[in-house]
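What follows is a short report on a single structure.
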Amino acid sequence: MKRQEPDLTVHVGPLQLRNPVVTASGTFGYGQEYAELVDPNLLGGIVVKGLSLKPRPGNRPPRIVETPAGMLNAIGLENIGVEAFLKEKLPWLKTLDTAVIVNIYGHSTEEYGAVAEALKGVEGVAALEINVSCPNVKRGGMAFGTDPIASAEVTETVLKNTDKPVIVKLTPNVTDICAVACAVEQAGAQALSLMNTLTGMAIDIETRKPRLGNIFGGLSGPAIRPVALYMVYRVVRTVKIPVIGVGGIIEAKDALEFLIAGARAVQVGTATFVNPRASLDIIEGLRRYCVENDVARIEDLIGTFSEP
C-alpha cells in the first residue's frame, strides 16, 4: 500500500507557507540570482537581502573568511536600497508562487520606519523581517537588538508604518535573548526569527593583521547550530508568538531538531553557498522523514521535544 504524501504546510502567525523551509536573508540575494539552479516556487519562502532606505556599498574587502565548520562575513549590509528594489527586483519576485519576505534595517528608528513605509501597500511582499543587529547611531553605535527598549521602539515604529506582518530577527550577542524577545512581542511583533550571526574575528598570523577588512564579522554555519537551537528552545518557551529557527542548518535532520524544539519554520543560509540546492534537499528530507515515520502533517512534529 502506497503511503500518503505528508502535508508540509506550516503557519507562522498570519503567514501560511507551503513548507517550513525559507532561505535566509543575505544568502540568497534577491532570489533571481539562484533561479537557474533552484525553483523558488518549491520553497516555503524567500527572505531577500537586507534593504536600507538608500543604497549602501558595504565594508571594504576582504569580507568573507572560511572558518572551521563555518564562515565569517563582514559584507556590511551592502544593498541597492529600497527604491531600486521596488523598480528592479520586485517585478520578478511578484511572479513567484511563494512567500517573499523583505528584510529591512536602519541606523535610526526613523530610518526603519521610512523603509517600512516605502513598502506599505506593495503587492508581492508577504511580510517584513526586521534586522535589529544594526548599530544605533543615536546611541553611540550600540546595536538595537542588544537593548530590549530600543528593539521594542523599532518594532513599534515599523508596525505604525506598515500593513505587513512583522517578524523581528534577534541577535544572539546579548546576555538574555529572552528579554529582547519579550520586549518585541509586547511591542506587537507577529513572529521572531533567531538567531542572527555570532560576532567573531580571525587573524593572519603571517602579517599579524585581521583577515577581514572590518576586523570582525558575523560567524555562521554549522559551528553555531547548537547555540541557535538552544536559543530557539528557550525563546519558544518564553513567548507566545511563533519562532523561525536560523543558524547552521545544513540538512533535514538539522531542520527537524529546530522544529521538534518548537520552531514553526527554519531558514537556510550558509548551506546555500556550499550547495545551492540545500534548501530543496532539506524539503525532500523532511518529506521523507514524515513518510518513514507516519507523520501525516509536519505541524504535528512542531514542539514535540520531550524533557528528560
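Data overview
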item: All strands (runs of 3 or more DSSP E) inside the stretch 62-113 with 2 or more residues being touching a Phe, Trp or Tyr at 6+ places or on another chain (Cβ under 9 Å) and aliphatic (A, V, I, L, M); result: 70-73, 99-104
item: Condition met for Glu123 (modelled with pLDDT of 95 or more and farther than 30 Å from Lys94 by Cα); result: no
item: Hey, Asp294 part of a loop (DSSP other than H, G, I, E, B) and of a type outside the set (A, V, I, L, M) or not; result: yes
item: Any chance Leu194 is surrounded by 18 or more Cβ atoms within 10 Å (Cβ to Cβ), at pLDDT 95 or above and within 29 Å of Val158 (Cβ to Cβ); result: yes
item: Some residue of the stretch 233-256 being on the phi > 0 side of the Ramachandran plot and crowded, with 20+ Cβ neighbours inside 10 Å; result: yes
item: Enumeration of residues in the stretch 267-287 that are surrounded by fewer than 17 Cβ atoms within 10 Å (Cβ to Cβ), in a loop (DSSP other than H, G, I, E, B) and of a type outside the set (D, E, K, R); result: Asn275, Pro276
item: Positions within the stretch 18-51 being aliphatic (A, V, I, L, M), crowded, with 22+ Cβ neighbours inside 10 Å and not in a loop (DSSP other than H, G, I, E, B), in sequence order; result: Val21, Val22, Ile46, Val47, Val48, Leu51
item: Qualifying residue in the stretch 102-109 (condition: over 30 Å from Ile149 (Cα atoms), modelled with pLDDT of 95 or more and either in contact with a Leu (Cβ under 9 Å, 6 or more places away or on another chain) or of a type outside the set (Gly, Ala, Ser) (or both)); result: no
item: Residue match in the stretch 82-91 (condition: of a type in the set (Val, Ile, Thr), touching a residue at least 12 places away in the same chain (Cβ under 8 Å) and more than 26 Å from Arg225 (Cβ to Cβ)); result: yes
item: Near pairs, Cβ below 8 angstrom, 6+ apart or cross-chain, from the stretch 200-226 (more than 22 Å from Asp254 (Cβ to Cβ) and free of Cβ contacts under 8 Å to residues at least 60 places away in the same chain) to any residue that is part of a strand (DSSP E or B) and of a type in the set (Phe, Trp, Tyr); result: Pro210/Phe216
item: Residues (crowded, with 20+ Cβ neighbours inside 10 Å and under 12 Å from Thr98 (Cβ atoms)) located in the stretch 3-17; result: Leu15, Leu17
item: Flag if Arg264 is basic (Lys, Arg) and either at pLDDT below 95 or surrounded by fewer than 19 Cβ atoms within 10 Å (Cβ to Cβ) (or both); result: no
item: Residue count for the stretch 63-119, restricted to those that are under 21 Å from Leu159 (Cα atoms), of a type in the set (S, T, N, Q) and out of contact with any strand residue (DSSP E or B) (no Cβ under 7 Å at 6 or more places or on another chain); result: 2
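Residue-by-condition table, conditions (1) within 20 Å of Thr23 (Cα to Cα); (2) surrounded by fewer than 22 Cβ atoms within 10 Å (Cβ to Cβ); (3) within 20 Å of the chain's Cα centre (by Cα); (4) free of Cβ contacts under 8 Å to residues at least 24 places away in the same chain:
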position: Ile101; (1), (2), (3), (4): yes, no, yes, no
position: Lys120; (1), (2), (3), (4): no, yes, no, no
position: Pro135; (1), (2), (3), (4): no, yes, yes, no
position: Met142; (1), (2), (3), (4): no, yes, no, yes
position: Glu156; (1), (2), (3), (4): no, yes, yes, no
position: Leu170; (1), (2), (3), (4): yes, no, yes, no
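The values are calculated or read from the model by the stated rules, or taken from the named source; none is laboratory data. Remember, predicted model here, so these are calculated numbers, not experimental data. Heads up, the Cβs are rebuilt from the backbone with ideal geometry, glycines too, and the neighbour counts pull from every protein chain shown.
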